[in-house]
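The values are calculated or read from the model by the stated rules, or taken from the named source; none is laboratory data. Values in this document were obtained by computation on a predicted structure and should not be read as measured data. All Cβ positions, glycine included, derive from the backbone under ideal geometry; neighbour counts span all protein chains shown. Just so you know, the surface numbers come from the protein's heavy atoms only, side chains and all, with ligands and any DNA or RNA stripped out. Shrake-Rupley method; radii C 1.70, N 1.55, O 1.52, S 1.80 Å.
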Amino acid sequence: MTVGKDVSALFPDVVNCMQTDNLELKKLVYLYLMNYAKSQPDMAIMAVNTFVKDCEDPNPLIRALAVRTMGCIRVDKITEYLCEPLRKCLKDEDPYVRKTAAVCVAKLHDINAQLVEDQGFLDTLKDLISDSNPMVVANAVAALSEIAESHPSSNLLDLNPQSINKLLTALNECTEWGQIFILDCLANYMPKDDREAQSICERVTPRLSHANSAVVLSAVKVLMKFMEMLSKDLDYYGTLLKKLAPPLVTLLSAEPELQYVALRNINLIVQKRPEILKHEMKVFFVKYNDPIYVKLEKLDIMIRLASQANIAQVLAELKEYATEVDVDFVRKAVRAIGRCAIKVEQSAERCVSTLLDLIQTKVNYVVQEAIVVIKDIFRKYPNKYESVIATLCENLDSLDEPEARAAMIWIVGEYAERIDNADELLESFLEGFHDESTQVQLQLLTAIVKLFLKKPTETQELVQQVLSLATQDSDNPDLRDRGYIYWRLLSTDPVAAKEVVLAEKPLISEETDLIEPTLLDELICYIGTLASVYHKPPSAFVEGSRGVVHKSLPPRTGSSESAESPDTAPSGVQAPEQPAVIPTQGDLLGDLLNLDLGPPVSGPPMATSSVQMGAVDLLGGGLDSLMGGGGGFAAPSAAAPATLGAPLSSGLGDLFDLTGGVGTLSGSYVAPKTVWLPAMKAKGLEISGTFSRQVGSISMDLVLTNKALQVMSDFAIQFNRNSFGLAPAAPLQVHAPLAPNQSVEISLPLNTVGSVMKMDPLNNLQVAVKNNIDVFYFSTLYPLHILFVEDGKMERQMFLATWKDIPNENEAQFQIKDCSLNADAVSSKLQGSNIFTIAKRNVEGQDMLYQSLKLTNGIWVLAELRIQPSNPSFTLSLKCRAPEVAPYVFQAYETVLKN
Amino acid sequence: MIGGLFIYNHKGEVLISRVYRDDIGRNAVDAFRVNVIHARQQVRSPVTNIARTSFFHVKRSNIWLAAVTKQNVNAAMVFEFLYKMCDVMTAYFGKISEENIKNNFVLIYELLDEILDFGYPQNSETGALKTFITQQGIKSQTKEEQSQITSQVTGQIGWRREGIKYRRNELFLDVLESVNLLMSPQGQVLSAHVSGRVVMKSYLSGMPECKFGMNDKIVIEKQGKGTADETGKSGKQSIAIDDCTFHQCVRLSKFDSERSISFIPPDGEFELMRYRTTKDIILPFRVIPLVREVGRTKLEVKVVIKSNFKPSLLAQKIEVRIPTPLNTSGVQVICMKGKAKYKASENAIVWKIKRMAGMKESQISAEIELLPTNDKKKWARPPISMNFEVPFAPSGLKVRYLKVFEPKLNYSDHDVIKWSSSTFRENLPGPSTDRKTLWLTLGMDSPACAQLPPMLQLKFRTQSCAGMLSASCFLSQGGEGLV
């Protein structure tokens, strides 16, 4: 029967045996019924009578057996008869019967949910939570949790402090399995405040010493979740962190299958709270006889825990692993060495030399893997390790995997100017262009275009060849579109092409393969379960309505964090590591143009980039050239530069703001906003801004953009000491939390009463911005004219006297080129920025303007501006007692005059 | 929760299949066979997702146990359950083999019905199960007996039945430790830890309350606060335990608050606790291997072991296992002490020494003839492993007391007849699983070596020692002496 043979024909005979007194036989008959009742529902009715009778049997074991079996028979007609016996059994005097009946309610609910609700079984089940027997409580909890899961809206498991207390009491007394049910249920509870969370944590922590790993993991889940609510300043928080590490380490001495589950979970925990296991690196060293799945997981965690302190050990281990037997493991080990280099800068050099050693082994897959990671290292540390290129080139012929080939081509293209035979190398790849995978084709196209831009004279033919291969002979839309973009760029504006293709690439992020923060938070709520093993939310692998409810971590209640000043934050408790995984605008562009290999995280942008390119192509009259047979470099359509140029260049220099820049009402000139802090460096927060001066007050106009996937809040700003004592006059006011992809414009008033420290350059301003994720630092240069005060007009006599008084060596001369304004226009324009013209003279056809200005700190600057009507270059002579400000004043002049 | 449970033989034929949930269809049985048992490559994960159905499997000798589900179950629980299932089956009919499973077909279904209800694990303690699931058919029970069974199965002390009676109350306690050592190629100890187990065999009447004490640093220090003079004496001997886990009979909340280990033991043998220590470990032996390659077909191996404990103590049953390459054709061994043999079936030289005193040294040298081979498959170079028994615990753990109190029958540890701390029990089963890696780089001056591609360079790992200590304590009610 159970091995797959159909014995349903024996149904009547088997049912006849049902009334036996032999319990063993009875169990077998019941087993038969469970299997075949569904196929013969009419006959199954015959069994009902016996079931009902057995439910009244004096022997509790038989009562329980009957109720257990009845629940497994999924025939509607029988289900109806089940209700009465079940009701009795739920109130049975024997706990064994009650615990079986509790599970039976869940079974019945699975068959006919409506019936269970109508019959009021749910209320009875809820009452069982207060049962005196711990096992009955555990089963009731399990049943209720399951029913609640299929009805996310219903308030079935109405957990309140009283019922939680009951559960916690039962927790100490029930079986290991019961403890798991209760802990899993507790994890769904949302404590009212941090006090309640702490008291639950205190009562759950003893479970960490249980021999059953599942109990331990479920306890870890409860603790990890409730810990969110505890303030980090609390002593208890630190104690809890310390208590979590040993049990997690102990899980690694369990059986290999459990180790695997534990390691997958530790991987999540390490990402969420790296501080828990940061000193436990050694326990993740791979053992010789670990199964391969354990080895791979350990390797992953080793990389996550790698830091400056332990990098030497990690590298030594990784090097050993790279000589092991299992190919997958070796590959991963090689890749891990590369990740170490990117993560811990100090180790980069050692990593690179280790990789070179490995390349020398000439083992095919090791070499290929090494080349792929070296490419990433080049991107992280440009212009540092290029000396190894020669070694890489030696292994060109042995590369047969697309990823390694693409990486090698990228390296050749990127460093074409340093590789003498770059054209030959690329040409050799080009021969089999059509047999290559798309990844390699795209890379080859980009690399050759780069090469052409760097060495235009010798490679014209090559670039023609690749462009025609990509545009005419390829069916791949991505490849074709990219080909067209390059073609048009090169033909319209080679300078722009250079700017675009050879643009500086954004650095790749330190951490790769990180789980996206919101998903991570959700997975933390699923510690111990399948979701945490797959690293996917349940909805990804569970059918139907179950598991659709998204769980989330409770919000932190402690308010201590917002009080932290940005200066102390880095040295204090580490903020939860939640780096932005989504690449920034710049990254997108990088992907669009020449970095398909990109950092390993850039899966989604790849897709977007192709869409964007398609769109551009359509708009840009790409069809024209299609119809024209892609006629080489000749005559691009007029529309192309406009449409192509705009989005590309704007992406590059973030010049979007130029057009939509802040209009100046009155007051001095305001430069367009530029990106000060790219989102890449600030875990998704992008800050762009500018400075302005209006009616005597300086302000910093900021745009904060959230490019991460989580909401940002708790913004604060602080300046480092600077040359002119600039300081925020008011706190940074962001009223609502910043949702993903949202941006907010803020004008931050500044004053100049802060503490002063001379900076280099003089107008350098170092800023720290904090939000709920981390503290970020950036520095920016402010234009000096925002410091020019309104009362900077000097008396004529005074001017003359001062001019003479300041020694001649303090005079500085500058040329302001390409300015076509006349003297009056200049004078009025400058006046807007508080540079006052005191006198104007005309000497031999030249206009001489004498001007003065005063800085916020009282420094006077005197200027003589010579304007020749025929010559667009002005000569500016500046005299000042503090000559170091002169170049910056000149810059201010230039900016004001040219805009 | 668990949707179904299948047991397969090595060919992938289903021996047992029990489906608990409707969402698991018959085809699930075949899906696992095709995708996992008959899969071409090695199993890459103990959890497999096939068509939105998840399979958890463990393997015991030739038998596959697979749990199936379509929900987001507690994965750790499923594996723990599968292990438990194996334990229960072993307790009922011995080794898990195809034959035993076929012979106990009915029993297994009965067990599966009892310990898993709708996919939720229920009481799975063999002690309790054996009271009402028997192989002899059901005995007619009196009403009291029945209610006793049910209260035990659901009760707080599910692992022990009431009314156990022994003429002699005996209790055995073994402390088994294995030392895991990780060494760098330069011979430097990278990490060392001891993982220990306290195994207990209890043959006690009634419902005895036991309290177990060891030289745990935290406990000793706590007591030290009360009596200041004691700290000096006992402080040295205490050990810092990194972490420990307990059998479910131990009251965890009491351990958490008072750090006292109190429990009512199950009847028979069980593992009371596991612990791990990393500080102040005494390494009983040092193993120094030397490997030299002579040409492409010959290998010279020399291994020296040094005992590193008091000369008055004796280590026993020392067994050193030196792995040999797969293409070994013959081995000649010379050893000063003990017996050494090349075991071709195990690809290893096994060197046994009956006993060895402390601070001594012994060595073995072997010449390994290799068949010239073009086989590209690399030799995995397993580590050298070592098993032995020493009369002390490398971690320094000592049993301070074991108190027993039975309120009804009123016998207690006052009647302890004899404490014996020098008896040895059988060695740890199986080869030690942990390693001491000592990577030996070959002398590059050897000309043969230069010809070899670098990846074939030969390296040996030395493997750890599994030490054990045992202490037995005999208790008796009547006062009869026991040795």
Exercise for the section: Test each condition in (1) crowded, with 21+ Cβ neighbours inside 10 Å; (2) of a type in the set (Gly, Ala, Ser); (3) under 16 Å from A:Leu268 (Cα atoms) for A:Ala245 and report the one that comes out false. Expected result: (1)
Handout entry: Criterion: surrounded by fewer than 23 Cβ atoms within 10 Å (Cβ to Cβ) and modelled with pLDDT under 90 - qualifying residue of B:Val88, B:Val106
Key = B:Val106
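Does A:Ile266 qualify as being crowded, with 21+ Cβ neighbours inside 10 Å, at pLDDT 90 or above, away from chain B (no Cβ under 14 Å) and assigned to a helix (DSSP H, G or I)? I'd like the intermediate steps shown before the answer.
Working: crowded, with 21+ Cβ neighbours inside 10 Å: yes; at pLDDT 90 or above: yes; away from chain B (no Cβ under 14 Å): no; assigned to a helix (DSSP H, G or I): yes.
So A:Ile266 fails the test.
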Practice task
Please specify each residue of region B:303-336 satisfying the condition of being over 28 Å from the mean Cα position of the chain (by Cα), of a type in the set (S, T, N, Q) and surrounded by 14 or more Cβ atoms within 10 Å (Cβ to Cβ).
Solution key: B:Asn327, B:Thr328
Exercise for the section: Would you check if A:Tyr288 is within 14 Å of chain B (Cβ to nearest Cβ), more than 30 Å from A:Leu258 (Cα to Cα) and not acidic (Asp, Glu)? Expected result: no
Handout entry: region A:1-34: number of residues that are part of a helix (DSSP H, G or I), within 12 Å of chain B (Cβ to nearest Cβ) and among the hydroxyl-bearing types (Ser, Thr, Tyr)
Key = 2
Practice task
Scan region A:35-52 and give yes if some residue there is crowded, with 21+ Cβ neighbours inside 10 Å, part of a helix (DSSP H, G or I) and within 12 Å of another protein chain (Cβ to nearest Cβ), otherwise no.
Solution key: no
Fill in the blank from the handout: Within region A:90-123, restricting to residues that are buried (at least 18 other Cβ atoms within 10 Å of the Cβ) and polar (S, T, N, Q), the one that is farthest from the other protein chains (Cβ to nearest Cβ) is A:Gln119
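Within region B:29-124, considering only helices (runs of 4 or more DSSP H) that don't extend past its boundaries, which have at least 2 residues that are within 26 Å of the chain's Cα centre (by Cα), in contact (Cβ under 8 Å) with a residue 12 or more places away in the chain and more than 11 Å from every other protein chain (Cβ to nearest Cβ)? Steps first, answer last, please.
On the way: elements: B:75-93, B:98-103, B:105-115.
In region B:29-124, B:75-93, B:98-103 are the helices (runs of 4 or more DSSP H) which contain 2 or more residues that are within 26 Å of the chain's Cα centre (by Cα), in contact (Cβ under 8 Å) with a residue 12 or more places away in the chain and more than 11 Å from every other protein chain (Cβ to nearest Cβ).
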Handout entry: Elements of type strands (runs of 3 or more DSSP E) in region B:373-429, at least 2 residues being at pLDDT 75 or above and open to solvent by less than 20 Å² (accessible area, probe 1.4 Å)
Key = B:383-389, B:399-405
Exercise for the section: With the checklist (1) surrounded by fewer than 20 Cβ atoms within 10 Å (Cβ to Cβ); (2) touching a residue at least 12 places away in the same chain (Cβ under 8 Å); (3) within 12 Å of chain B (Cβ to nearest Cβ) in hand, flag the one item A:Glu275 doesn't pass. Expected result: (3)
Handout entry: Number of the condition not met by B:Arg321 [criteria: (1) part of a loop (DSSP other than H, G, I, E, B); (2) among the charged types (D, E, K, R); (3) closer than 23 Å to A:Val325 by Cβ]
Key = (1)
Practice task
Mind telling me which of the residues A:Leu296, A:Leu258 ends up being surrounded by fewer than 23 Cβ atoms within 10 Å (Cβ to Cβ) and within 12 Å of chain B (Cβ to nearest Cβ)?
Solution key: A:Leu296
Fill in the blank from the handout: For A:Leu159, the lone unmet condition from (1) within 14 Å of chain B (Cβ to nearest Cβ); (2) over 30 Å from A:Leu263 (Cβ atoms) is (1)
Handout entry: Matching option when the condition is under 20 Å from A:Glu522 (Cα atoms), more than 14 Å from chain B (Cβ to nearest Cβ), free of Cβ contacts under 8 Å to residues at least 60 places away in the same chain and not charged (D, E, K, R), among A:Met227, A:Met190
Key = A:Met227
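Yes or no, residue by residue, for (1) polar (S, T, N, Q); (2) open to solvent by 50 Å² or more (accessible area, probe 1.4 Å); (3) closer than 30 Å to A:Ile182 by Cβ:
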| site | (1), (2), (3) |
| --- | --- |
| B:Gly25 | no, no, no |
| B:Asp30 | no, yes, no |
| B:His57 | no, no, yes |
| B:Val68 | no, no, yes |
| B:Ala76 | no, no, yes |
| B:Phe79 | no, no, yes |
| B:Ile101 | no, no, no |
| B:Tyr120 | no, no, yes |
| B:Ser124 | yes, no, yes |
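Regarding A:Glu196, is this residue open to solvent by 10 Å² or more (accessible area, probe 1.4 Å), away from chain B (no Cβ under 14 Å) and modelled with pLDDT of 85 or more? Can you show your working first?
Values: open to solvent by 10 Å² or more (accessible area, probe 1.4 Å): yes; away from chain B (no Cβ under 14 Å): yes; modelled with pLDDT of 85 or more: yes.
Answer is yes for this residue.
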Practice task
Kindly check whether there is at least one residue in region A:131-139 that is at pLDDT 90 or above, open to solvent by less than 20 Å² (accessible area, probe 1.4 Å) and closer than 21 Å to B:Asp22 by Cα.
Solution key: yes
Completion exercise
Contact list, first residue from region A:824-845 and more than 23 Å from A:Gln891 (Cβ to Cβ), second anywhere and among the aliphatic types (A, V, I, L, M) and part of a strand (DSSP E or B), beta-carbon distance below 9 Å, six or more apart or interchain, is A:Ala839/A:Met848; A:Ala839/A:Leu849; A:Lys840/A:Met848; A:Lys840/A:Leu849; A:Arg841/A:Met848; A:Arg841/A:Leu849; A:Asn842/A:Met848
Practice task
Tell me the helices (runs of 4 or more DSSP H) entirely within region A:406-524 that contain at least 1 residues that are within 25 Å of A:Asn395 (Cα to Cα).
Solution key: A:422-430, A:438-454, A:460-472
Fill in the blank from the handout: For region A:857-880, pairs from a residue that is open to solvent by 40 Å² or more (accessible area, probe 1.4 Å) to a residue that is among the basic types (Lys, Arg) and not in a loop (DSSP other than H, G, I, E, B), with Cβ under 7 Å and 6 or more apart or across chains, are A:Trp860/A:Lys854
Exercise for the section: Among the residues of region B:271-302, count how many are within 14 Å of another protein chain (Cβ to nearest Cβ) and either in contact with a Gly (Cβ under 6 Å, 6 or more places away or on another chain) or open to solvent by 50 Å² or more (accessible area, probe 1.4 Å) (or both). Expected result: 5
Fill in the blank from the handout: Residue pairs within 8 Å by beta carbon, gap of at least six or interchain, first lying in region B:7-24 and more than 11 Å from chain A (Cβ to nearest Cβ) and over 11 Å from B:Ile108 (Cα atoms), second surrounded by 19 or more Cβ atoms within 10 Å (Cβ to Cβ) and small (Gly, Ala, Ser), listed first then second, are B:Ile24/B:Gly3; B:Ile24/B:Gly4
Handout entry: Long-range neighbours under 7 Å by Cβ, at least six apart or interchain, first residue more than 20 Å from A:Asn383 (Cβ to Cβ) within region A:414-437, second polar (S, T, N, Q) and part of a helix (DSSP H, G or I)
Key = A:Leu430/A:Gln465; A:Phe433/A:Gln441
Fill in the blank from the handout: When (1) open to solvent by 10 Å² or more (accessible area, probe 1.4 Å); (2) in a helix (DSSP H, G or I); (3) not aromatic (Phe, Trp, Tyr) are applied to A:Leu318, the one that fails is (1)
